Amino acid sequence: MCGIAGVIHRDGSSDVGSEMTSMLQSMKHRGPDSSGYALFGPTTDLIVIRFKLADANDPRDFDFKERLERHRMEVETRLSKIGASIDRVERETEYAYRATVRYDGDLKALADYLEDVPGCEVLSLGHSLEIVKDLGDAQEVSSLYGLAGFEGTHAIGHVRMATESDVDISGAHPYWAYPFSDVAVVHNGQLTNYFQWKRRLESSGHRFQSECDSEIIAVYLAEKMAAGAGLKEAMDESLEDLDGVFTYMAVTQDSLGVAKDEMAAKPLVLYESDELVAMASEEIAIRALIDHEIDTYDPYEGQVLVWSR
């Protein structure tokens, strides 16, 4: 099952936190195990880092809080050692954090250095991208992280039914394209040449935080764009290189795209107007966002569509 959703405002911004919550909550029946958001707020000269120091279902032993505090302090120490000037580190939940820093160095070195802290996983890194994901439905996750009122321009989201991996945050979507800034993906389907591409990308120096094939798509696209391709070109090439049955959405700092494989077996419904574009696995999610009569359509098989602000 699983459900994916995306929205981009073509001119201006909106409360994308609440919009994505409404869309995802309407598809709760497609995936009750976890919910995730990739939200794009105002672009800043700071680097925004979302990270966690434990998982939601990790056992809470007698020194859990003390251990997390030690690890948080180690994260701050490492940020300073690598040359990042800390603007703020905020604790979002018992185990999840948001940091803003000034940093002009290599993002891979920064992410790798932080992830050497025991239990630390960097969920996203960029000038406007913020990935938030946790166990539970969208309303629960939104309330836990205070996402109502998150002002931004575009977003994607995912509700997950765990079928091939544990119910944990590491297995939840969206996936950031580690270690590329401001690129993320949500995906419904399965890549049949997952291991081939994982080995190929690992041989190029990439590392992966999960066993999920969606993360492969994110890094694949980001590597193509780092070599000079635009998002549309990179997604077009993905339909030639990635085998399987899938529909995925990809976001960058200023764009939202969707791709369907040649079989087009995974559903997607799309609505487009002068003001915004909204899409989801089911039309009910779009109607949760728009309160008037609308016309929707399904993208064709083997089609890539990209919208930019």
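The values are calculated or read from the model by the stated rules, or taken from the named source; none is laboratory data. Every value quoted in this text rests on a predicted model; they were computed, and no experiment measured them. Every residue, glycine among them, receives a Cβ derived from its backbone with ideal geometry; neighbour counts consider all protein chains shown. Accessible surface is based on the protein model in full, side chains and every heavy atom, while ligands, DNA and RNA are left aside. Shrake-Rupley method; radii C 1.70, N 1.55, O 1.52, S 1.80 Å.
Can you tell me which residues in segment 253-272 are part of a loop (DSSP other than H, G, I, E, B) and open to solvent by 20 Å² or more (accessible area, probe 1.4 Å)?
Passing the criteria: Gln253, Asp254, Glu262, Met263, Ala264, Ala265, Lys266, Pro267.
Filtering segment 276-309 down to residues that are touching a His at 6+ places or on another chain (Cβ under 9 Å) and assigned to a strand (DSSP E or B), which residue is surrounded by the most Cβ atoms within 10 Å (Cβ to Cβ)?
Residue satisfying both the conditions and the ranking: Leu276.
What is the one condition in (1) modelled with pLDDT under 95; (2) buried (at least 18 other Cβ atoms within 10 Å of the Cβ) that Met161 does not satisfy?
All conditions are met except number (2).
Collect the residues in segment 1-20 that are open to solvent by 10 Å² or more (accessible area, probe 1.4 Å) and outside any strand (DSSP E or B), keeping them in residue-number order.
Across segment 1-20, the qualifying residues are Met1, Cys2, Arg10, Asp11, Gly12, Ser13, Ser18, Glu19.
So for segment 82-104 (the condition being modelled with pLDDT of 95 or more, assigned to a helix (DSSP H, G or I), open to solvent by 10 Å² or more (accessible area, probe 1.4 Å) and not basic (Lys, Arg)), does at least one residue qualify?
The answer is no, given that none of the residues of segment 82-104 is modelled with pLDDT of 95 or more, assigned to a helix (DSSP H, G or I), open to solvent by 10 Å² or more (accessible area, probe 1.4 Å) and not basic (Lys, Arg).
Out of everything in segment 31-66 that is outside any loop (DSSP other than H, G, I, E, B) and out of contact with any strand residue (DSSP E or B) (no Cβ under 8 Å at 6 or more places or on another chain), what residue ends up being surrounded by the most Cβ atoms within 10 Å (Cβ to Cβ)?
Phe64
Identify the residue in segment 191-213 that is within 15 Å of the chain's Cα centre (by Cα) and open to solvent by 30 Å² or more (accessible area, probe 1.4 Å) and, among all such residues, is modelled with the lowest pLDDT.
Looking at residues that are within 15 Å of the chain's Cα centre (by Cα) and open to solvent by 30 Å² or more (accessible area, probe 1.4 Å), I get Gln209.
Of all residues being open to solvent by 10 Å² or more (accessible area, probe 1.4 Å) and outside any loop (DSSP other than H, G, I, E, B) in segment 179-190, which is nearest to Ser35 (Cα to Cα)? Just the residue, please.
The extreme case among them is Gly189.
Checking the structure you have, find out if any residue of segment 21-30 is surrounded by fewer than 18 Cβ atoms within 10 Å (Cβ to Cβ), in contact with a strand residue (DSSP E or B) (Cβ under 9 Å, 6 or more places away or on another chain) and either closer than 30 Å to Ala109 by Cβ or among the hydrophobic types (A, V, I, L, M, F, W, C) (or both).
There is no residue in segment 21-30 that is surrounded by fewer than 18 Cβ atoms within 10 Å (Cβ to Cβ), in contact with a strand residue (DSSP E or B) (Cβ under 9 Å, 6 or more places away or on another chain) and either closer than 30 Å to Ala109 by Cβ or among the hydrophobic types (A, V, I, L, M, F, W, C) (or both).
For segment 111-125, indicate whether the set of residues that are surrounded by 15 or more Cβ atoms within 10 Å (Cβ to Cβ), among the acidic types (Asp, Glu) and assigned to a helix (DSSP H, G or I) is non-empty.
yes
Identify the residue in segment 151-178 that is assigned to a strand (DSSP E or B) and of a type in the set (A, V, I, L, M, F, W, C) and, among all such residues, is farthest from Glu282 (Cα to Cα). If you could, list the steps in order and put the result at the bottom.
The first filter runs over segment 151-178 and keeps only residues assigned to a strand (DSSP E or B), leaving 151-152, 154-160, 175-176.
Adding the requirement that they be of a type in the set (A, V, I, L, M, F, W, C) leaves 155-156, 159, 176.
Details: Ala155: 17, Ile156: 14, Val159: 12, Trp176: 24 Å.
The qualifying residue farthest from Glu282 (Cα to Cα) is Trp176.
Across segment 284-295, what is the number of residues that are farther than 21 Å from Thr153 by Cα and touching a residue at least 12 places away in the same chain (Cβ under 8 Å)? Outline the logic, then answer.
Of segment 284-295, the ones farther than 21 Å from Thr153 by Cα are 284, 292-295.
Restricting the remaining residues to those that are touching a residue at least 12 places away in the same chain (Cβ under 8 Å) gives 284, 294-295.
Looking only at that region, the number is 3.
Within segment 200-214, identify whether any single residue is outside any loop (DSSP other than H, G, I, E, B) and under 18 Å from Val304 (Cα atoms), and answer yes or no. Write out each step before concluding.
Initially, segment 200-214 is screened for residues outside any loop (DSSP other than H, G, I, E, B), giving 200-203, 213-214.
The next check asks that each one be under 18 Å from Val304 (Cα atoms); those that pass are 214.
Yes - at least one qualifying residue is present in segment 200-214.
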